[in-house]
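Student: I am attaching a structure below and will ask some questions about it afterwards.
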Amino acid sequence: MKTSVITRRDFLRATGVALALPMLEATRLPANAAASPAARRRMVAIMTPLGIHAENLFPAETGLGYTAPLYLQPLEPLRGEFTVFSGLSHPDVDGGHDSERSFLTASPHPSLPAFRNTVSLDQFAAERIGGETRYASLTLNTMSGSISWTRGGVQIPGDGKPSKLFAKLFLDGTKKEVDQQMDKLRQGESIMDTVNAQARRFAGGLGKRDQEKLDEYFTSVRELEQKMTKAEEWALKPKPKVDVKPPVDIQDNADLIGRTRMMYDLMHLALQTDSTRLITLQLQGTGLVVPIEGVTMDHHNLSHHGKDPEKLRQLALVEAAEMAAFADFLAKLKDTKEEGGTLLDETMILFGSNLGNASSHDTRSMPIVLAGGGFKHGQHLAFDPVKPPPLCNLYVQMLQQLGIDVSEFASGKGGIPGFAA
């Protein structure tokens, strides 16, 4: 009798259960393993979608002894805690505002109709180290959007309401809500049992290649079961308590700076309580007038300044306020003591934009600042924007600093010259 051969895709369709298969080579710490210093390291990525005016960010000099331009002046007390990179970009990432999609993925040509994204830097890391905290990662925004993408190229919705984020992080649910969460997890376990049983019935008589595919599938199911077990454990544990009042959401959509500062405060608490070690934040860029004295034109219009002096003056007011909020966030991390150092020592913070020149939608020479995380900082590293190393070379170093054994990520296959831990 002829044996029916079924591929993994056919099997998944037949069972009616779809699983997002994790990377089989993922290196996760066992649940009972003692956390190493590298395992405690955190990563934050922040993107502002309307660029950062280069003349106010990039120092004229390279190396350690640069004169701080306008946007770096709020960061002067922390000069030894961050590095400025100029000239870097993602190869083949074009498309103006559509390049937002590729900020953490480096997927080429994001404006093409057939574009399909790949996994973002934070989610790549979450696959490997996300299981050690209540939340594998947090995807945040100040109004809308997200810079986090799954391995299947699906954008992860961002949390933009501080009140809901605070409740998610620090407020325990009622017994009924906890029971409902437990029921959902147990239902998931029941589905895993069913899928396993059906899969094993198909196993007999399969060829070697299909057997290997099925073994790969079983591995993914086991990993998913382990995730669900951890999720069940977290559902029963009380959330950390913090001595702060729940935030009140800012209703004014134009208040970029107020919304940003509120998110930074919550991000600090999330990192301090080890609720997560991976966070992304997309800042807003809208056609609204940011409520800052001296600003009368909307932010998007200012970013397309065309070198108009008045637009540049007002744009500088908005972006300088953004950088001041960022500086205060870093200072708060530095003031938070950790065993053997500070929270800033253990947290690398990437701040930048998908646009090098928002006025012309140019994606070259992206503005990039990296702070904290145990790197040797304090300098301006400048590269030829015509032929720079890929920005993803920096991403590779960031992943390695998290304790993840990788030598490449997307277009990155090495490190940034002159930059080291």
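The values are calculated or read from the model by the stated rules, or taken from the named source; none is laboratory data. Small disclaimer: the values here were computed from a predicted structure and weren't measured. Here the Cβ is made from the backbone with ideal geometry for all residues, glycine too, and neighbour counts use every protein chain on show. With ligands, DNA and RNA removed, areas are computed over all heavy atoms of the protein, side chains included. Shrake-Rupley method; radii C 1.70, N 1.55, O 1.52, S 1.80 Å.
Student: Might you let me know whether region 128-141 holds any residue that is among the acidic types (Asp, Glu), in contact (Cβ under 8 Å) with a residue 60 or more places away in the chain and either surrounded by 20 or more Cβ atoms within 10 Å (Cβ to Cβ) or touching a Leu at 6+ places or on another chain (Cβ under 7 Å) (or both)?
Tutor: yes
Student: Of the numbered conditions (1) crowded, with 19+ Cβ neighbours inside 10 Å; (2) within 21 Å of the chain's Cα centre (by Cα), Pro388 fails exactly one; give the number of that condition.
Tutor: Answer for Pro388: the failing condition is (2).
Quick grid of which residues meet (1) out of contact with any Gly (no Cβ under 7 Å at 6 or more places or on another chain); (2) at pLDDT below 65:
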| residue | (1), (2) |
| --- | --- |
| Ser107 | yes, no |
| Phe115 | yes, no |
| Leu138 | yes, no |
| Ser144 | no, no |
| Ser148 | yes, no |
| Val178 | yes, yes |
| Gln187 | yes, yes |
| Gly204 | yes, yes |
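Student: Please indicate, with yes or no, whether at least one residue in region 148-158 is more than 13 Å from the chain's Cα centre (by Cα) and buried (at least 20 other Cβ atoms within 10 Å of the Cβ).
Tutor: The first filter runs over region 148-158 and keeps only residues more than 13 Å from the chain's Cα centre (by Cα), leaving 151-154.
From what is left, the residues that are buried (at least 20 other Cβ atoms within 10 Å of the Cβ) are none.
Checking region 148-158: not a single residue is more than 13 Å from the chain's Cα centre (by Cα) and buried (at least 20 other Cβ atoms within 10 Å of the Cβ).
Student: Restricting attention to region 117-135, which residues are under 17 Å from Leu281 (Cα atoms) and at pLDDT 95 or above?
Tutor: Val119, Ser120, Leu121, Asp122, Gln123, Phe124, Ala125, Ala126, listed by residue number.
Student: Please enumerate the residues belonging to region 61-120 that are at positive phi and crowded, with 18+ Cβ neighbours inside 10 Å. Give the derivation first.
Tutor: First, the residues of region 61-120 that are at positive phi: 63, 87, 92, 95-96, 106, 109.
Of everything in region 61-120, those that are at positive phi and crowded, with 18+ Cβ neighbours inside 10 Å turn out to be Gly87, Gly95, Ala106.
Student: Looking only at region 80-119, count how many residues are in a loop (DSSP other than H, G, I, E, B), within 19 Å of the chain's Cα centre (by Cα) and hydrophobic (A, V, I, L, M, F, W, C). Explain how you work it out, then say what you get.
Tutor: So the first thing to find is which residues in region 80-119 are in a loop (DSSP other than H, G, I, E, B), and the list is 87-88, 90-95, 103-119.
The next check asks that each one be within 19 Å of the chain's Cα centre (by Cα); those that pass are 88, 90, 93, 103-108, 110, 116-119.
Within this subset, residues satisfying the condition of being hydrophobic (A, V, I, L, M, F, W, C) are 88, 93, 103-104, 106, 119.
Result for region 80-119: 6.
Student: Output the qualifying pairs, or none if there are none: Cβ atoms under 7 angstrom, residues six or more apart or on different chains, first residue in region 255-284 and under 18 Å from Ala324 (Cβ atoms) and free of Cβ contacts under 8 Å to residues at least 24 places away in the same chain, second residue open to solvent by 20 Å² or more (accessible area, probe 1.4 Å) and in a helix (DSSP H, G or I).
Tutor: Between residues of region 255-284 that are under 18 Å from Ala324 (Cβ atoms) and free of Cβ contacts under 8 Å to residues at least 24 places away in the same chain and residues that are open to solvent by 20 Å² or more (accessible area, probe 1.4 Å) and in a helix (DSSP H, G or I), there is no close pair.
Student: Could you list, in sequence order, all residues of region 288-332 that are at positive phi and either open to solvent by less than 50 Å² (accessible area, probe 1.4 Å) or in contact with a Phe, Trp or Tyr (Cβ under 6 Å, 6 or more places away or on another chain) (or both)?
Tutor: Here is the first cut: in region 288-332, the ones at positive phi are 294, 306-307.
Residue satisfying the conditions is Gly294 alone.
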